[in-house]
Amino acid sequence: MHNSMHAAAMAKGAKKVDLQVRGMPADLRRKVAQKAARKGVSMSKYVIEALEDEVVRPATLEDWFKEVSELLGPPRDLGFDPADSVRAIRDAIEKASRP
């Protein structure tokens, strides 16, 4: 996700700014440095990618439901009740499993 976000931001000529993180636990800094090194990127690039990945995630389950419903659009009329179909299948399985 972060590569496409970064590419989109650069294509729009996004302005870059600096951000200083104070009070970072030494152990966390060490872990970030190790992961960045394993990916072959700078700590800055690694942290930017992690932040880009994080900020696009819905903050709550409610936010996720809202995003999904916006993607799917309004409910569609299927011409039948899906719950009735599930019940019928469940009943058929139950009936078939009886001796």
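The values are calculated or read from the model by the stated rules, or taken from the named source; none is laboratory data. All values derive from a computational prediction rather than experimental measurement. Note that we place each Cβ from the backbone using ideal geometry, even for glycine, and neighbour counts take in every protein chain shown.
Which pairs do you get when a residue that is in contact (Cβ under 8 Å) with a residue 40 or more places away in the chain, found in the stretch 35-54, comes within reach of a residue that is not in a helix (DSSP H, G or I), reach meaning Cβ atoms under 6 angstrom, with the pair 6+ apart or on two chains?
53/1
Among the numbered criteria (1) surrounded by 10 or more Cβ atoms within 10 Å (Cβ to Cβ); (2) at pLDDT 95 or above, which single criterion is violated by residue 27?
Of everything listed in (1) surrounded by 10 or more Cβ atoms within 10 Å (Cβ to Cβ); (2) at pLDDT 95 or above, residue 27 misses just condition (1).
Which condition number does residue 44 fail, the rest of (1) over 30 Å from residue 20 (Cα atoms); (2) surrounded by 10 or more Cβ atoms within 10 Å (Cβ to Cβ) being met?
Condition (1) is where residue 44 drops out.
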